[in-house]
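Down below is the structure, laid out as structure tokens.
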Amino acid sequence: MALPKRIIKETERLMAEPVPGISAVPHEDNLRYFDVHIHGPSQSPYEGGVFKLELFLPDDYPMTPPKIRFLTKIYHPNIDRLGRICLDVLKSNWSPALQIRTILLSIQALLGAPNPDDPLANDVAQRWKEDQNAAIETARQWTQEHAKP
Amino acid sequence: MNLIRNNSKGCLIAESDEPSFDPPPATRTSALMVGSDIATHNSEQTDRVLTPPHYDVRQLVRLVQCLQCSKPFTAPVTLPCGHTVCRECLPSAEHRANISWPNTEDRQRGYTCPFPDCGTVHPTGECSVDVTLTKLIDKIRVEGSKATQLAGNHFMLLEEVPPRTQTTPIENRVFQYVGRTRELPGGRLVATFTMAEMGELGHASEVLYTSTSMTVEEEQVLDTNVRSCIQEAALKELDCLVCYNLMLDPTTTSCGHTFCRRCLARVLDHGNDCPICRRKLHIPPSLQDQPSNARLVAILNGLCPDLVAARVNALNLEEQSAESNLSTPIFICTLALPSMPTFLHIFEPRYRLMMRRCLEGNRQFGMVMYNQANHPQGDLGTTPFLEYGTLLEIVNFELLRDGRSFIETRGVGRFRIREHGMLDGYNIARVERVEDVSLTEEERMEAEETKDAQASAEGFQRQHPNTPLDPNLALNLKSTHELLTRCTSFVERMRSHSASWLSTRIVSVYGGPPNDPALFPYWFAAVLPIAEEEKYILLRTTSVRERLKLVDNWIRRIEGQPW
């Protein structure tokens, strides 16, 4: 099946005007599959880290949201051990007017503002609530250990 | 396996009194370039051939002129009938009578449509500023003022020629056609736009041009440049935000956002929120009766007819390869209802295959009942199944070791079978979606029916003061809201009497009664112990009021018998 014009245009724009701190490059043999790198936001425990993600545009994109997963290990209350992300715009709040760019920005923002009240990784969220400083310290250590640029 | 819609294909060009776009043949000659009418009357002065940027100048400017005030649009509102006027040109809102559902604030008042061919009262909530047109005209204004500055000392003399035949009622409601003359900077295009902006060029007027400082060639260069600047700026606003292509058959929502008709229809398959502002859209998902945005259609055809044609061709190619005729698998078994769960035990091999294929695909299939009485089914003739059914989506699937399976499904829509065939032992069909009319139509039906019933009831009671009314007439008298209240209070009453058919077990399967009156009848039918053939009638209804009346009839029957 030919690649829809929308995916071609989105890819072109991502290449021509990249978002600072975010890169998304499609695979040559599958233009719906992207390698994504997100830089940890400054003044967050993820600062200095570069996180790898995979992004896939399903057949009925943009009617359904892209599928995205962290490949780099990350200590975050809304991201589980398998790298799955708990983010409303990736699920029920998806809208076809959103795009790869806005979704990646939302994920970057999620790194800067963890939300332990809507957890995906229960153990991490609990720790975050009980002893935030210790949790942030662990997140920082994991970043240094796993997300080296 | 998408439901096939009546008019989902091709480009609908709206018919209306919005400006259409028919450029006169490029070979037409005239010393003074004017619109078609006048040109023929000056045809003796044939000393030069007109080139493309010139012959359609007047018509291009007309594309952005409000039909009522004749100025280029300010805060344009595209009404539910597809016409556009400036917000300021709308009459003041008035109360809409005899409407009880949905009695929301933004639907209690409405504007009488200023377009004589429409004339309906549009609810205020459906008259938002057209976002695309607003941005487009802002861009054109910017390009226009840039061009005015660049024009320097070049001036055109413009003479307004009011139409000799009568203007339409909306065109002369506020504008005085007197035939003004102005000398304005720029080429023809910019000067014409400026004159319209000054409120001195009537929508229906033509223009006679005289160049006061330029040669013909200079004039043409100026106009060609301005036109391509405008086109470039405009095209950026004319992309659909769903497919990123040039808008095809632009269709505007009640919140003022515009998409390709087919993109909006696809969005509505997935939910009824506007993709941009997330406001709820109360329109039938197939957009069958939703008119296109006539002004945007005209602008697209006027500004870039070649791009529009290319877009239509590309789409036709795409759809030819993608659509097969009989794309919905059909399961003949039981009555299923929209938004309600249906549980199935799959054991026949042909249905095992069908379910496997469904699970690999979009998890949807159609459920229809057996035609036990052998009644003919519309155009289909006598078929083993009934023609109306429910589209089901698989939510849970449990495969047993011996290959049988239990599946839990939920009704996601209604359909009517238009054509059917067989595939590997099971039925497949081409189906057409069955859906409710728009809210406006729903409100119109309520207002009309209650008003008529009121009149008949008064007449009847004058003649037979002590006889009770015919039950059907009494039913028509009730407002939609009263019908709903009666249904819900009946359910409450039955619950407090612990009616056996409302046991906890049943409610735990089907949930409590939904608040949405559109869905309530389906829930009621799911829990009510009456024949399925009677419930089947619900699948054919196209309005909420019609369904609530059916429920009311059932309630009346139940109340007539002891429990």
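The values are calculated or read from the model by the stated rules, or taken from the named source; none is laboratory data. Note that the coordinates shown come from a computational prediction; the quantities given were computed from them, not determined experimentally. Don't worry about glycine lacking a Cβ; one is built from the backbone with ideal geometry, like all the others, and counts go over all protein chains shown.
Report, by residue number, each residue of the range A:85-102 that is of a type in the set (A, V, I, L, M, F, W, C) and assigned to a loop (DSSP other than H, G, I, E, B).
Start the filter on the range A:85-102 by keeping residues that are of a type in the set (A, V, I, L, M, F, W, C), which leaves A:85-87, A:89-90, A:94, A:97-98, A:100.
Answer for the range A:85-102, where residues must be of a type in the set (A, V, I, L, M, F, W, C) and assigned to a loop (DSSP other than H, G, I, E, B): A:Cys86, A:Leu87, A:Trp94, A:Ala97, A:Leu98.
Looking at A:Leu111, A:Leu105, A:Leu82, A:Leu53, which is the one that is of a type in the set (A, V, I, L, M) and part of a loop (DSSP other than H, G, I, E, B)?
Numbers: A:Leu111 fails: part of a loop (DSSP other than H, G, I, E, B); A:Leu105 fails: part of a loop (DSSP other than H, G, I, E, B); A:Leu53 fails: part of a loop (DSSP other than H, G, I, E, B).
Sole residue among the options that is of a type in the set (A, V, I, L, M) and part of a loop (DSSP other than H, G, I, E, B): A:Leu82.
Being more than 14 Å from chain A (Cβ to nearest Cβ), touching a residue at least 40 places away in the same chain (Cβ under 8 Å), surrounded by 17 or more Cβ atoms within 10 Å (Cβ to Cβ) and among the β-branched types (Val, Ile, Thr): is that true of B:Thr258 here? Outline the logic, then answer.
Working: more than 14 Å from chain A (Cβ to nearest Cβ): no; touching a residue at least 40 places away in the same chain (Cβ under 8 Å): yes; surrounded by 17 or more Cβ atoms within 10 Å (Cβ to Cβ): yes; among the β-branched types (Val, Ile, Thr): yes.
Against the criterion (more than 14 Å from chain A (Cβ to nearest Cβ), touching a residue at least 40 places away in the same chain (Cβ under 8 Å), surrounded by 17 or more Cβ atoms within 10 Å (Cβ to Cβ) and among the β-branched types (Val, Ile, Thr)), B:Thr258 does not qualify.
Count, please, the residues in the range A:115-130 that happen to be buried (at least 19 other Cβ atoms within 10 Å of the Cβ), touching a residue at least 40 places away in the same chain (Cβ under 8 Å) and of a type outside the set (A, V, I, L, M).
2
Condition test on B:Trp501, is it within 26 Å of B:Ala336 (Cα to Cα), outside any loop (DSSP other than H, G, I, E, B) and more than 31 Å from the chain's Cα centre (by Cα)? First the steps, then the outcome.
Working: within 26 Å of B:Ala336 (Cα to Cα): yes; outside any loop (DSSP other than H, G, I, E, B): yes; more than 31 Å from the chain's Cα centre (by Cα): yes.
So B:Trp501 passes the test.
So, in the range B:61-103, exactly how many residues are of a type outside the set (Phe, Trp, Tyr), under 16 Å from B:Ile140 (Cβ atoms) and in contact with a strand residue (DSSP E or B) (Cβ under 9 Å, 6 or more places away or on another chain)?
11
Give the range A:42-70 a look and list any residue that's out of contact with any helix residue (DSSP H, G or I) (no Cβ under 8 Å at 6 or more places or on another chain) and polar (S, T, N, Q), or say none.
The answer is A:Ser42, and nothing else.
I'd like to verify a number: residues in the range A:12-28 that are touching a residue at least 60 places away in the same chain (Cβ under 8 Å) and either within 14 Å of chain B (Cβ to nearest Cβ) or of a type in the set (D, E, K, R) (or both), how many?
Narrowing the range A:12-28 to residues touching a residue at least 60 places away in the same chain (Cβ under 8 Å): A:13-14, A:19, A:21-22, A:24.
So of that shortlist, the ones also either within 14 Å of chain B (Cβ to nearest Cβ) or of a type in the set (D, E, K, R) (or both) come out as A:13-14.
Here the count works out to 2.
Considering only residues of the range B:368-386 that are in contact with a helix residue (DSSP H, G or I) (Cβ under 9 Å, 6 or more places away or on another chain) and at pLDDT below 95, which is surrounded by the most Cβ atoms within 10 Å (Cβ to Cβ)?
So the residue we want is B:Gln372.
Pick out the one residue from A:Leu31, A:Leu82, A:Leu110 that is under 27 Å from B:Cys260 (Cβ atoms) and either more than 14 Å from chain B (Cβ to nearest Cβ) or touching a residue at least 60 places away in the same chain (Cβ under 8 Å) (or both). Don't jump to the end; show me each part of the working.
Values: A:Leu82 fails: under 27 Å from B:Cys260 (Cβ atoms); A:Leu110 fails: under 27 Å from B:Cys260 (Cβ atoms).
Selected residue: A:Leu31, the only one of A:Leu31, A:Leu82, A:Leu110 that is under 27 Å from B:Cys260 (Cβ atoms) and either more than 14 Å from chain B (Cβ to nearest Cβ) or touching a residue at least 60 places away in the same chain (Cβ under 8 Å) (or both).
Tell me which of these B:Thr542 doesn't satisfy, since it passes every other one: (1) in a helix (DSSP H, G or I); (2) modelled with pLDDT of 90 or more; (3) of a type in the set (S, T, N, Q).
Single failed check for B:Thr542: (1).
Check off (1) closer than 25 Å to B:Pro285 by Cα; (2) in a loop (DSSP other than H, G, I, E, B) for B:Leu469 and give me the number that stays unchecked.
(1) is the only condition that B:Leu469 fails.
If the Cβ limit is 6 Å and pairs must be 6+ apart or interchain, which residue in the range A:45-64 that is away from chain B (no Cβ under 14 Å) and touching a residue at least 12 places away in the same chain (Cβ under 8 Å) pairs with which residue that is in a loop (DSSP other than H, G, I, E, B) and of a type in the set (S, T, N, Q)?
A:Phe51/A:Thr72; A:Lys52/A:Thr72
Being outside any helix (DSSP H, G or I), within 14 Å of chain A (Cβ to nearest Cβ), surrounded by fewer than 22 Cβ atoms within 10 Å (Cβ to Cβ) and within 21 Å of the chain's Cα centre (by Cα), is that true of even one residue in the range B:320-339? Step through it out loud before you land on a result.
Our first condition is that a residue be outside any helix (DSSP H, G or I); within the range B:320-339, this holds for B:323-339.
Those still in the list that are within 14 Å of chain A (Cβ to nearest Cβ) too: B:323.
Remaining after also requiring surrounded by fewer than 22 Cβ atoms within 10 Å (Cβ to Cβ): B:323.
Among the residues that remain, those that are also within 21 Å of the chain's Cα centre (by Cα) are: none.
There is no residue in the range B:320-339 that is outside any helix (DSSP H, G or I), within 14 Å of chain A (Cβ to nearest Cβ), surrounded by fewer than 22 Cβ atoms within 10 Å (Cβ to Cβ) and within 21 Å of the chain's Cα centre (by Cα).
Quick check, is A:Asn115 more than 14 Å from every other protein chain (Cβ to nearest Cβ) and at pLDDT below 95?
Values: more than 14 Å from every other protein chain (Cβ to nearest Cβ): yes; at pLDDT below 95: yes.
Taking the combined requirement at face value, the residue satisfies it.
May I ask you to list the residues in the range B:139-186 that are charged (D, E, K, R) and either in a loop (DSSP other than H, G, I, E, B) or surrounded by 14 or more Cβ atoms within 10 Å (Cβ to Cβ) (or both)?
Looking only at the range B:139-186, we keep the residues that are charged (D, E, K, R), and these are B:139, B:141, B:143, B:146, B:159-160, B:164, B:171, B:173, B:180, B:182-183.
Listed by number, the residues that qualify are B:Lys139, B:Arg141, B:Glu143, B:Lys146, B:Glu159, B:Glu160, B:Arg164, B:Glu171, B:Arg173, B:Arg180, B:Arg182.
If I filter the range B:235-249 for residues that are surrounded by 24 or more Cβ atoms within 10 Å (Cβ to Cβ) and under 22 Å from B:Leu67 (Cα atoms), do I get at least one hit?
yes
Of all residues in the range B:263-286 being at the interface with chain A (Cβ under 7 Å from one of its Cβ atoms) and crowded, with 21+ Cβ neighbours inside 10 Å, which is farthest from the chain's Cα centre (by Cα)?
Looking at the filtered set, the residue picked out is B:Pro275.
Quick one: is A:Leu104 aliphatic (A, V, I, L, M), within 14 Å of chain B (Cβ to nearest Cβ) and touching a residue at least 12 places away in the same chain (Cβ under 8 Å)?
Numbers: aliphatic (A, V, I, L, M): yes; within 14 Å of chain B (Cβ to nearest Cβ): no; touching a residue at least 12 places away in the same chain (Cβ under 8 Å): yes.
No.
Which numbered condition in (1) away from every other protein chain (no Cβ under 14 Å); (2) part of a loop (DSSP other than H, G, I, E, B); (3) of a type outside the set (Gly, Ala, Ser) is the only one that B:Leu300 fails?
All conditions are met except number (2).
For the range B:191-222: of the residues being in a loop (DSSP other than H, G, I, E, B) and among the aliphatic types (A, V, I, L, M), which is modelled with the lowest pLDDT?
Narrowing the range B:191-222 to residues in a loop (DSSP other than H, G, I, E, B): B:198-205, B:212-215.
Filter once more, so that each one left must be among the aliphatic types (A, V, I, L, M): B:198, B:201, B:204, B:214.
Numbers: B:Met198: 95, B:Leu201: 94, B:Ala204: 92, B:Met214: 81.
So, considering only residues that are in a loop (DSSP other than H, G, I, E, B) and among the aliphatic types (A, V, I, L, M), the one modelled with the lowest pLDDT is B:Met214.
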